[in-house]
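Right, one structure below, let's go through it.
The values are calculated or read from the model by the stated rules, or taken from the named source; none is laboratory data. All of these numbers come straight from a predicted model, not from anything done at the bench. Ideal geometry is used to build each Cβ from the backbone, glycine not excepted, and the neighbour counts take in all protein chains shown. These area figures cover heavy atoms from the full protein model, side chains too; ligands, DNA and RNA do not enter into them. Shrake-Rupley method; radii C 1.70, N 1.55, O 1.52, S 1.80 Å.
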Amino acid sequence: MKILYLCSDLGIPVLGRKGASVHLRSLVTAFVRAGHSVVLAAPLLNKSPWEGPAKLDVSLLHLPPSADIVNAVLALKAFNETLGVTNSLPGEFRRILYNQEIVTPIKRRFEHDPPDFIYERASLYSTAGVALAHELNVLLVVELNAPLAVEQSAYRATGLGELAAQAERWALLQADAVLTVSAPLRDYVVSLGVELGRVQVVPNGVDATLFHPAPPEPSIRARWGLGNGPVLGFVGGLRRWHGVEALPTLLERLVQRYRGLRLVIVGDGPLRGELEHTLKERGLTRSVVFTGSLPHEEVADLIRQFDVALAPYSKPEHAFYFSPLKLFEYMACGVPVVAAALGQIAEIVRDGETGLLLPPDELDALTAACDRLLADPALRQRLGQAAAKEVHGLYTWDRNAARVVELTRALIRARQDGG
């Protein structure tokens, strides 16, 4: 099939290292691996000049915002500065204007040879997919990874009142199918008025060619100075809701019991400085390794160094809508996980069978679960093997791509039959 993958999110560098970037490329690659033709349309390729762009074997349609949009946003920022205020208005207008702007050039590109369907990763004010589907007379499948308007209101505020929520609801109602990464997110979409039959739950997955069990590479251990002791590992953004604030105390408690214990933190984020300061104050600097942001293809080798993999999410103020990519990648590598029993995590991890679950924000329970695994190599092996088998059987990007194509073919047949 011919697939137009549309990402209008101005914050996702499609060739970069963000989790959303990895998710996007992994699904696109799975489509290609299955023999489909994909064109990826996006505004941003790479964010940092120091990061080499990831390899992606598809046609890229790079559509950066025009000078008109840039100038309009700069004018709004200057207005804010004049008033001495800070708000989200410039960024929101940028998104609105960009979604209006890209419809015409994409339509011209495909009007004589349209895709079989448009696959759009939803973002705040992402209305371009609906417009293009109408213009090209093709199906629109929308992937939703979070309740975008709710998040904007809760974490970043909005300068346009209810407009973000109205745009999100309008776009989802217009889509032929909506794919959500979790059941709570499906329920959210249905609450907006979308028919239940048009919403499918498709959790995140793994690239099984990268993330699989294998013996730890000694060269990786030497590169990061992990020594001969056990390793606790965390992969992800260093942000509040990831529960990373618990890591210094967890390490402080366990390093006294396990000689040579190391904590490896793979990723970056706004809390890194705070974490480094706390670890230094407690004399733990030598027991922790910050790798910073790494190319995705290097992450699996580090995960295989972990004896215990951590997903200590904090309980959010709203429902836990997420489908944590790290969870699937830990499990696919055969590493036992210790994770907060929130949302989809409690569905994917079977406590005592494919990992250990604990109540969120319970530091004593987190410590006890890690202690239990570090003290019992046989338990680590049993849980890790069961987890890898589960993920490789049910949660891969290849499987997700096949589900999307199967669903879309059924929708195309129904449309052709007048259904």
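With 25 Å as the limit, write out which pairs from 47/326; 55/77; 18/55; 2/107; 55/326 have Cα-Cα distances beyond it, or answer none. Numbers along the way, then the final one.
On the way: 47/326 22 Å; 55/77 35 Å; 18/55 14 Å; 2/107 15 Å; 55/326 21 Å.
Long pairs (Cα-Cα over 25 Å): 55/77.
Report, to the nearest 10°, how far helix 67-83 tilts away from the longest principal axis of the Cα atoms in the chain, using its own Cα long axis and a range of 0 to 90°.
70
Angle, helix 397-416 long axis vs. longest principal axis of the chain, Cα atoms, 0 to 90°, nearest 10?
20
Work out the charge dipole of the chain with +1 on the Cβ of Lys and Arg and -1 on the Cβ of Asp and Glu about the Cα centre, then indicate which of 264, 148, 1 is farthest towards its positive end.
Result: 264, furthest along the dipole toward the positive end.
Between residue 334 and residues 5 or more places away or on another chain, which pairs have amide H atoms under 5 Å apart, with H built 1.01 Å from N, and which residues are they?
Placed amide hydrogens put 388 under 5 Å from residue 334.
How large is ³J(HN,Hα), in whole Hz, for each residue of segment 219-227 in order, when computed from phi with the Karplus curve 6.51 cos²θ - 1.76 cosθ + 1.60 and θ = phi - 60°, using x for Gly and Pro?
Whole-Hz 3J(HN,Hα) from phi for segment 219-227: 5, 5, 4, 5, 4, 9, x, 7, x.
Kindly provide the Kirkwood hydrodynamic radius of segment 241-288 in Å, to one decimal, from all pairs of distinct alpha carbon atoms. The partial results should precede the final answer.
Numbers: mean 1/r = 0.0903 Å⁻¹.
Kirkwood radius, segment 241-288: 11.1 Å.
Leaving out ligands and nucleic acids, note down the accessible area per residue over the chain with a 1.4 angstrom probe, in whole Å². Walk me through the numbers on the way to the answer.
Numbers: 18580 Å² over 419 residues.
I get 44 Å² per residue for this part.
Once you compute Rg and the Kirkwood Rh from C-alpha atoms, what is the Rg to Rh ratio for segment 130-263? All intermediate terms of the calculation are to be shown ahead of the outcome.
On the way: Rg = 22.0 Å, Rh = 19.2 Å.
Across segment 130-263, the Cα-based Rg/Rh ratio is 1.15.
Relative contact order for the chain: what percent, with Cα pairs under 8 Å and sequence separation of 6 or more? Please report the intermediate quantities before stating the final value.
Values: 743 pairs, mean separation 60.8, N = 419.
Dividing the mean separation by the residue count of the chain yields 15 percent.
How much length, in nm to one decimal, is gained on full extension between residue 112 and residue 394, taken as 0.36 nm per residue of separation minus their Cα-Cα distance? Numbers along the way, then the final one.
Numbers: separation 282, 0.36 × 282 = 101.52 nm, distance 3.83 nm.
Extra length from residue 112 to residue 394 when fully extended: 97.7 nm.
Taking R0 as 22 Å, what's the FRET efficiency between residue 55 and residue 220 from their Cβ-Cβ distance, rounded to 0.05? Don't skip to the answer; put the middle values down first.
Values: r = 21 Å, r/R0 = 0.95.
Approximately 0.60, to the nearest 0.05.
On a C-alpha basis, how far is the centre of segment 272-304 from the centre of segment 36-113 in Å? Whole number, if you could?
Segment 272-304 and segment 36-113 have Cα centres spaced 32 Å from each other.
Just grab the label-to-label distance for residue 363 and residue 277, each label 7 Å out from Cα along the Cβ direction, in nm (one decimal).
1.7
Can you give the three extents of the C-alpha atoms in segment 310-376 along their principal axes, from longest to shortest, in whole Å?
Projected onto its principal axes, the Cα set of segment 310-376 covers 36, 27, 16 Å.
What nm distance separates the two modelled labels at residue 134 and residue 256, each placed 7 Å from Cα along Cα→Cβ?
That separation, rounded to one decimal, is 6.5 nm.
Starting with the highest mean, order 53-65, 230-242 by the number of other Cβ atoms within 10 Å, averaged over the residues of each peptide. Intermediate values should be presented prior to the final figure.
Values: 53-65: 14.5, 230-242: 20.8.
Final packing ranking: 230-242, 53-65.
How would you classify segment 316-419 from its alpha-carbon gyration tensor, with a ≥ b ≥ c the square roots of the eigenvalues: rounded for a/c under 1.5, else prolate if a/b is greater than b/c, otherwise oblate? Mind dumping the intermediate values first?
Working: a/c = 4.37, a/b = 2.00, b/c = 2.18.
Verdict is oblate for segment 316-419.
Specify whether the C-alpha gyration tensor of segment 58-185 places it in the rounded, prolate or oblate class, a ≥ b ≥ c being the square roots of the eigenvalues: rounded for a/c under 1.5, otherwise prolate if a/b is larger than b/c and oblate if not. Let's see the in-between values first.
Details: a/c = 2.62, a/b = 1.35, b/c = 1.94.
Here segment 58-185 falls in the oblate category.
If I compute solvent accessible area with a 1.4 Å probe over the protein chains, what percent of it on the chain is carbon and sulfur?
On the way: 9490 of 18580 Å².
Roughly 51 percent of what the probe reaches on the chain is carbon or sulfur.
Using only the alpha carbons of segment 198-276, what is the convex hull's orientation-averaged projected area in square nanometres? Intermediate results must be reported in sequence, preceding the final value.
Numbers: hull surface 32.3 nm².
Approximately 8.1 nm², given one-decimal rounding.
Positive end of the dipole of segment 287-349, charges at C-beta (+1 Lys, Arg; -1 Asp, Glu), about the Cα centre: which of 332, 291, 309 has its Cα farthest in that direction?
309
Dipole magnitude of the chain about its Cα centre, charges +1 at Lys/Arg Cβ and -1 at Asp/Glu Cβ only, in debye to the nearest 20? Before the final figure, lay out each step's value.
Details: 43 positive and 45 negative charges, 151 e Å.
Charge dipole, the chain, about its Cα centre: 720 debye, nearest 20.
To the nearest 10 degrees, how steeply does helix 19-33 sit against the main Cα axis of the chain, on a 0 to 90 scale?
70
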